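A short reminder: the numbers here are calculations on the coordinates, not readings from a lab. Remember, predicted model here, so these are calculated numbers, not experimental data. FYI the Cβ positions are ideal-geometry reconstructions off the backbone, even for glycines, and counts take in every protein chain you see.
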């Protein structure tokens, strides 16, 4: 059993003793703590909730709703929804915050409470710390005459789609003229509810859905990685589709499969969308330190400035705001387009990408080939609990002090157009080592060199 308490939410496995998983008592504890924070932070006794389709969602939702009502907070329940839809709904409802009940890409035994502020954005580090502090205090509940009300609202699917269609860069007519055939894999979660009507609204009439029954029985590992998208690749080639689209269970990550069954690459979802946005709008871009350099390349070609944030959506959003970025996100297929809202959103990513693809007149594989090609290698070194990882990173930094480097989030060292990023895990005694180069061999060699340095420092 696992229970992970972080600044942005609570994540855990279902079942087991209280305090060792996301059990009903744990859901009550952290929901009530968040409810207290909302009441004190915004003085608005309304919270929007929504959930993905995973098996435990209804159970967790019932506990969350009852707890919030017990705090005297009114609840607007969007039902089966997506993370970006709840994010959009919070400010439109003038709510004090929002909870998305989803463990994102984690397997079926996991669920989580993602916590939003009154803007529909993830709570900050300081706010998350306060919620965790409240969870360890005695929490008071409302008396019988002040219990919260519950309302259901199923209109936000259409509101979300309408907001995407209203964006100036989304060109419905050119998408319709392209007459795309598109296969989709929604891993039996809420993408199966949202993607077909979005595509039809964009003028796509030939849709080939697989794993789109929103019953929470994931047909494969729900993280949209190449090894998990072979069914979609097969469907693309079987149906002669122009494109395959995959989303994770809460529809904030977006990946594509090319017409030949090859992966477009999750790192290149943001690159392609950003390229299109930059062609039409002057402005800067942001991704996190572990994302591909290709975004920096297309940004600089457009005459704009790229900046890298610490890993984590809230960090990317904060840097986007401070640098007035027009597009940003993460290399895991997360597209953040501020013209709609500050959150990773697969729906807006799909609409912008299809417009880009249609206007380019290229196949998906040709569009992918038009971008600088990089490969990211992901490695880790396991250490003992007694080792001082921060001190270790300082030693590595000293060795490479003459090279451009950043200590914003761990240590990132740049070697011309190659880089390596070292970060300590927040949950286990390991150092994650991500490296990028133009070939798989070069990326792995770069990581091997750094791992050798670490072992030398540790006398291993």
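Annotation for the range 75-102 versus the range 173-193: alpha-carbon center distance of 24 Å.
The modelled label-to-label distance between residue 362 and residue 449, using points 7 Å beyond Cα along the C-beta direction, is 3.0 nm. Here the chain carries DSSP beta bridges of which approximately 60% are antiparallel, counting only pairs with both residues inside. Counting only the Cα atoms, the range 367-409 fills a convex hull of 134 Å³ per residue. Stretching the chain fully between residue 406 and residue 92 yields a gain of 109.2 nm (0.36 nm per residue, less the alpha carbon separation). Here the residues 218, 30, ranked from fewest to most Cβ neighbours within 10 Å of their Cβ, fall in the order 218, 30.
Determine the shape class of the range 49-157: with a ≥ b ≥ c the square roots of the Cα gyration tensor eigenvalues, call it rounded for a/c under 1.5, and otherwise prolate if a/b is greater than b/c, oblate otherwise.
Details: a/c = 1.31, a/b = 1.17, b/c = 1.12.
Since a/c stays below 1.5, the shape of the range 49-157 is classed as rounded.
Each peptide in 246-253, 281-288, 179-186 was scored by the mean count of other Cβ atoms within 10 Å over its residues; highest first, the order is 246-253, 179-186, 281-288.
Classify the range 375-458 as rounded, prolate or oblate, taking a ≥ b ≥ c as the square roots of the eigenvalues of its Cα gyration tensor: rounded when a/c is under 1.5, otherwise prolate if a/b is larger than b/c and oblate if not. It comes out prolate by the Cα gyration axes.
Counting DSSP beta bridges with both partners in the range 3-154, what percentage is antiparallel, nearest 5?
Numbers: 14 of 27 bridges.
Here the share of antiparallel DSSP bridges comes out near 50 percent.
A quarter of the convex hull surface defined by the alpha-carbon atoms of the chain gives 21.6 nm² as the mean projection. Calculated mean residue ellipticity, 222 nm, the chain: -12000 deg cm²/dmol, from DSSP H runs (n ≥ 4) at -39500 (n - 2.57) each, averaged per residue and rounded to 500. Exposure proxy ranking for 263, 387, based on other Cβ atoms within 10 angstrom of each Cβ and starting from the fewest, stands as 387, 263. Look at where the Cα atoms of the range 109-162 and of the range 318-358 average out, and the two centres are 24 Å apart. The per residue volume of the convex hull around the alpha-carbon atoms of the range 309-426 is 146 Å³. Over the range 160-369, all Cα pairs binned in 5 Å intervals from 0 give whole-percent P(r) values of 1, 8, 17, 21, 22, 16, 10, 4, 1, 0, listed from short to long.
Among 406, 425, which comes first, then next, by fewest other beta-carbon atoms within 10 Å? Don't skip to the answer; put the middle values down first.
Details: 406 16, 425 13.
With the sparsest Cβ surroundings first, the list reads 425, 406.
The Cα center of the range 242-304 and the Cα center of the range 22-46 differ in position by 35 Å.
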